[in-house]
Structure formats: C-alpha cells, structure tokens
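What follows is a short report on a single structure.
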Amino acid sequence: MHPSPEYRPGLPEQNDNVSHDHPLKEFAVLLSGVTAFILLAAWSLGLLVDWAAGFISPEMEAVMFSSMQVSGAAVFDKQKDDPRRVELQRLMDELGRCNEVGYPLQVNMAPSKDANAFAFPGGRIVVLEGLLDTIRSENGLSFVLAHEMAHYKHRDHLRGMGRGLVFTALSALLTGAGSDITQLIAPALGIGQARYSQEREALADKLALETLHCFYEHVGGATEFFEAMQEESEEQGRGLGGYFASHPEAVQRIDALRRLASVSGFAERETAPLPTVLKGEHIGSPLRHSK
Amino acid sequence: MDALIQLIFFLTLLTLGYVFGKIAEKKHYRSIIEREKQWVQIPSTSGRRVLSTDREVKRVQLATGSVVISVDYFKRILAGLRNIFGGNVRSYETLVDRARREAVLRMKESCPQADQFINLRLETSSIAKGKKNQIGSVEVLAYGTAVYLYPVATATHP
C-alpha cells in the first residue's frame, strides 16, 4: 500500500449517525402517548354516546332499527301463538308494572342450547331456549327478564351499539397509520369497554333485583341463573379472560346480589315453580309428549 | 379472550424482533468495524480525479457493492409509533448506517487489488415500498471507479 500524500487514512472515533438512546425507552414513551390519547378519545366519545342515547326516543329507535327486525321476522311471526312465547310475554308484561320501560317490549325465543337472553334494539328480547331448560323457578326467569328490561330502561342497548361504533372508528383511524399499532392498543380499549359493560350489567342486576322484590315481595330465585352459570364456568375456568369479559363473573354477581338484598332488607322466600308450558320438553310436559 | 391471544402473539413477535434484531445488529457492527480497520489504508473518495501519486494508472474498473438489510419487527413497530407523532425515526438509523458501511466495504472487497477508489457514489432504495404489512428492507448500492496503478519500479523507468 502506498497511499497518496493527499489521503490520510483514519476511522471516526464515534458514530454520530446513529442515536445512542435506548430504543426501549423511546418505545415506552411513544406507546404510552398513543395509549393515553386513544383512551382519552374513547372515554370522551363514550360519554358523548351516553349523552346522545338519552335523546333517542322509542319512536326514533323503532325507525332506526326497523330494518333489523326483517331478518328474524318470519321466525318470530311463526312463534306468535307458541304457548311458551305467550307465557313469557305475559310474565314480562306483568313485570312491567314494577319496571316501567316506557315502550312496548316483545319477547321471542331462539333455538339454542346456551342459556342466555339478549336485549336487541327496537325493543325485542330474545330468550334462548336453553335458558328455559336451565331455570327451575318462575322467580328465576322473572329475574332474567327484568334484567333485560333494565337494559332498555337504562338504554344500554343504544349505548353499547354507539360505543361499538366509536371503537370501530378509532381502530380504523389507527389502521390508517399502521395496522400493527392497532393490535397494541386494542387490548387497552377492550379492557376499557369490558369494564364499562360490566358496570352496566351490575346496574341492570340491581334494577332487576328491585323489580323482583316489587313483584313477588321477596327476592328468592334472583341468583338462580348465575348459580347455574357458575357450575358451568367452573368446568371451563376463566382466568385472565375475566378482564376482557363483557359480563362480571357469576360468583361476583351472586355476591353483589346477596349483599344488595341484605342492605335493602329484601327477604328471600320459597320460589314459585316454572309455569308448566315453559318447562323443557325433556323434563316431561305430558301435553307436549301427547302431540 | 381473542384480544388477549392476539396481544400475546404480538408481544412474542415484538420480543423475538427485539432480541434477535439486537444480536444481529451487534454482530454486524463488530464485523463492520473489524473490516473497516482492515480497508482504511485504501483511499476511497467521491472526487473525480485520481489522487495525486507518482505512479501511472494501469487500468480502471467499475466497482460495485450492494447490500439489502431488513428491519426487525420491534424496529418496525417503533417506527410506526414514531409515524404518529413525527420526529427522528431513530429505530431506522442503525439500519441505514450499517447498510451504507457494508455496501462500501463490499465494493472495496470486490476489487482487492485496487489502489484507489474514486467517484464513490451511494444509492439507497427501499424494497417493498408502499406495501403494507410487508417486511420493510433497505438496499444500499455503493459504486465507484477502482483505480489500479503501476508499481513504483515501473514508474521510475518509463
């Protein structure tokens, strides 16, 4: 090697072209910034939804969701004279004396092995047939119906839908910037949403308990449904998933209901049996077998 | 529950990206520094003239060296977060720095007998540009003129 006199070889002592900050620090700062922004946006928009839901009148709601009723209309029409549906409707109408929702509610059944009931926009409660097999007493069934009615009274069905829209919009906003980030934020949003939903469930449980007391003058059977659910969930085990669940765990709901009952001084007495028409086929309603 | 599974999956990718990205980067820097020490005696300039020397030019040749380096998952997410706020995308700095130095080294290594490299140029291009959810990688091409000189003895006896 014979370098030219113009050229003096040497390597730079330090590399100024790269930053020497720790990347994890930058990551933590940026991530908390994004999360804080999104949570703030979700929280304030959520409050806005709650506020707006109060302005939607039952008539307006019926118009808004009229298209949704078309899909199940044929099945629901066929059910119209089903003695079980008529009985459910009668029970719910009577409960309405203690829990005035303010607009007509309709109850329908859907074939499913799951024990559950849903409150759909437009005032339609759908009871899954599995619930009728699980529930043993009229009081237990009344509690479930009163719980769904409480959701209408609190306008939770509208709030839930509105919040769903807000979260979809927020995640779409993030997807525009880089879809991987959405995955990072989604759990935080999910926990926020789950907590809100659990809170609404607890409120609906409270109103349902009050309705039950007003109707039967005791609260026997209020925890019946959750006890059945608890047995089921014990087999599955929930663990961490509880943080993301939309409904509180059955144990907590039973505890909360018992606490509430003792605070309010609600007595617990013998429950009335389930009306015979509502009993599941395998339990043995002679009427149904003779068909 | 779905969100939880998604998060675990995501965090695993992030950790893998961080750990292996860091290891790969350290290893690469060690190699770069080692080889730069070895090649520092060979002049390489962006000037158009042959550096003044008392020796005659024997021949010249186009020398190229190129490298493609990918970002790891962690760096990509960090850059994505940076995209929202703006500012220096620090996570990509080492990537481009390594690519430039590696390309120059490869160019030099392609002509081990050359005495000088002049007219050195660097071209940078991004691979899979503008396509979402694709591996972001950068290509750097270094090219220049390799100059071969006659030995000193020949120059003194024309």
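Looking at B:Glu109, B:Glu93 in this structure, which one is among the acidic types (Asp, Glu) and free of Cβ contacts under 8 Å to residues at least 24 places away in the same chain? Break it down stepwise before answering.
Values: B:Glu109 fails: free of Cβ contacts under 8 Å to residues at least 24 places away in the same chain.
Being among the acidic types (Asp, Glu) and free of Cβ contacts under 8 Å to residues at least 24 places away in the same chain holds for just one of B:Glu109, B:Glu93, which is B:Glu93.
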> Can you name every residue in region A:103-120 that is touching a Leu at 6+ places or on another chain (Cβ under 8 Å) and open to solvent by less than 30 Å² (accessible area, probe 1.4 Å)?
Replying inline: A:Val107, A:Met109, A:Ala110, A:Ala115, A:Ala117
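Which residues, taken from region A:4-58, are among the aromatic types (Phe, Trp, Tyr) and in a helix (DSSP H, G or I)?
Of the residues in region A:4-58, the ones among the aromatic types (Phe, Trp, Tyr) are A:7, A:27, A:37, A:43, A:51, A:55.
Scanning region A:4-58 gives A:Phe27, A:Phe37, A:Trp43, A:Trp51.
So which of A:Glu148, A:Glu100, A:Glu138 ends up being open to solvent by 20 Å² or more (accessible area, probe 1.4 Å), modelled with pLDDT of 85 or more and under 30 Å from A:Arg269 (Cβ atoms)?
Values: A:Glu148 fails: open to solvent by 20 Å² or more (accessible area, probe 1.4 Å); A:Glu100 fails: modelled with pLDDT of 85 or more.
Just a single option satisfies the conditions, and that option is A:Glu138.
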> How many residues does region B:120-139 contain that are modelled with pLDDT under 95 and either within 17 Å of B:Ile32 (Cβ to Cβ) or assigned to a strand (DSSP E or B) (or both)?
Replying inline: 7
> Which of (1) among the small types (Gly, Ala, Ser); (2) in contact (Cβ under 8 Å) with a residue 40 or more places away in the chain; (3) more than 10 Å from chain A (Cβ to nearest Cβ); (4) under 30 Å from A:Pro5 (Cα atoms) is the odd one out, the single condition B:Ser44 does not satisfy?
Replying inline: (3)
> Which members of region A:95-126 meet the condition of being over 15 Å from the mean Cα position of the chain (by Cα) and assigned to a strand (DSSP E or B)?
Replying inline: A:Gln106, A:Val107, A:Asn108, A:Met109, A:Ala110, A:Arg124
> Counting only residues that are without any contact (Cβ under 8 Å) to a residue 12 or more places away in the chain and more than 10 Å from chain A (Cβ to nearest Cβ), how many does region B:17-41 have?
Replying inline: 8
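Considering only residues that are charged (D, E, K, R) and either touching a residue at least 24 places away in the same chain (Cβ under 8 Å) or open to solvent by 90 Å² or more (accessible area, probe 1.4 Å) (or both), which ones fall in region A:22-53? First the steps, then the outcome.
Filtering region A:22-53 for residues charged (D, E, K, R) gives A:25-26, A:50.
Listed by number, the residues that qualify are A:Lys25, A:Asp50.
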> Do we find a residue being modelled with pLDDT of 80 or more, at positive phi and open to solvent by 20 Å² or more (accessible area, probe 1.4 Å) anywhere in region A:200-207?
Replying inline: no
> Which residues, counting only those in region B:57-102, are open to solvent by less than 50 Å² (accessible area, probe 1.4 Å), among the aliphatic types (A, V, I, L, M), within 14 Å of another protein chain (Cβ to nearest Cβ) and more than 19 Å from A:Ile185 (Cβ to Cβ)?
Replying inline: B:Ile69, B:Val71, B:Leu95, B:Val96, B:Ala99
>> Condition (residue is surrounded by 15 or more Cβ atoms within 10 Å (Cβ to Cβ) and closer than 20 Å to B:Val138 by Cα) applied to region B:35-53: is it met by at least one residue?
In response: no
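Tell me yes or no: at least one residue of region A:43-59 is within 14 Å of chain B (Cβ to nearest Cβ), β-branched (Val, Ile, Thr) and either touching a Gly at 6+ places or on another chain (Cβ under 8 Å) or within 30 Å of B:Gly21 (Cα to Cα) (or both).
No, region A:43-59 contains no residue that is within 14 Å of chain B (Cβ to nearest Cβ), β-branched (Val, Ile, Thr) and either touching a Gly at 6+ places or on another chain (Cβ under 8 Å) or within 30 Å of B:Gly21 (Cα to Cα) (or both).
Specify which of the listed residues (B:Thr94, B:Thr15, B:Thr64) is touching an Asp or Glu at 6+ places or on another chain (Cβ under 8 Å) and β-branched (Val, Ile, Thr). Please lay out each step first, then the result.
Details: B:Thr15 fails: touching an Asp or Glu at 6+ places or on another chain (Cβ under 8 Å); B:Thr64 fails: touching an Asp or Glu at 6+ places or on another chain (Cβ under 8 Å).
Sole residue among the options that is touching an Asp or Glu at 6+ places or on another chain (Cβ under 8 Å) and β-branched (Val, Ile, Thr): B:Thr94.
The values are calculated or read from the model by the stated rules, or taken from the named source; none is laboratory data. Every value quoted in this text rests on a predicted model; they were computed, and no experiment measured them. Methodologically, a virtual Cβ is constructed for each residue, glycine included, from the backbone with ideal geometry; neighbour enumeration extends over all protein chains shown. We work out accessible area using only protein heavy atoms, side chains counted, and drop any ligands, DNA or RNA first. Shrake-Rupley method; radii C 1.70, N 1.55, O 1.52, S 1.80 Å.
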